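Below you'll find the structure, written out as structure tokens, and then a few comments.
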Amino acid sequence: MKITGETMIFATDFENGRSYSTTIRKKVDENTYEKMYIQIQFRKDISLENKTRINILDGFLTFYKTKNGIATPKIVVLSFDTVNNNEEIQQEDSLPF
């Protein structure tokens, strides 16, 4: 599945490198949302700061297996532009289908 659009990237530093993720959320009731973090994979030469806003121009959805063998979604970003941090990104409360 192709992935495009704007999102915020969260960076976490580990002993052996840096990990990236983004979030999706859904509305549970009037004041409550559930959210899920999704791993993001960039080319090895890419380094982004925490809370960087990007526009994914070319990406796709795939998965990896955890140590326990559980399939977990991940987004591979092939091409992107950074977004001016003064611009607000619209969060979608639900999927468009």
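The values are calculated or read from the model by the stated rules, or taken from the named source; none is laboratory data. Computed from a prediction, not measured in an experiment: that's the story for all the values here. All Cβ positions, even for glycine, are placed from backbone atoms using ideal geometry, and neighbour counts span all protein chains on display.
Structural remarks
- Subset of the stretch 12-37 (residues that are under 16 Å from Ile56 (Cα atoms) and either among the hydrophobic types (A, V, I, L, M, F, W, C) or in contact with a helix residue (DSSP H, G or I) (Cβ under 7 Å, 6 or more places away or on another chain) (or both)): Ile24
- Remark: Phe14 falls outside the filter, which requires a residue to be aromatic (Phe, Trp, Tyr) and surrounded by 13 or more Cβ atoms within 10 Å (Cβ to Cβ).
- Scan of the stretch 23-45 for residues that are in a loop (DSSP other than H, G, I, E, B) and either surrounded by 13 or more Cβ atoms within 10 Å (Cβ to Cβ) or on the phi > 0 side of the Ramachandran plot (or both), ordered by number: Phe42
- Residue list for the stretch 46-56, filter: part of a strand (DSSP E or B) and either at pLDDT below 95 or among the aliphatic types (A, V, I, L, M) (or both): Ile54, Ile56
- Residue count for the stretch 18-35, restricted to those that are under 23 Å from Asn55 (Cα atoms), of a type outside the set (D, E, K, R) and over 10 Å from the mean Cα position of the chain (by Cα): 1
- Counting the residues of the stretch 61-76 that are within 14 Å of Thr22 (Cα to Cα) and either aromatic (Phe, Trp, Tyr) or in contact with a Phe, Trp or Tyr (Cβ under 8 Å, 6 or more places away or on another chain) (or both) gives 5.
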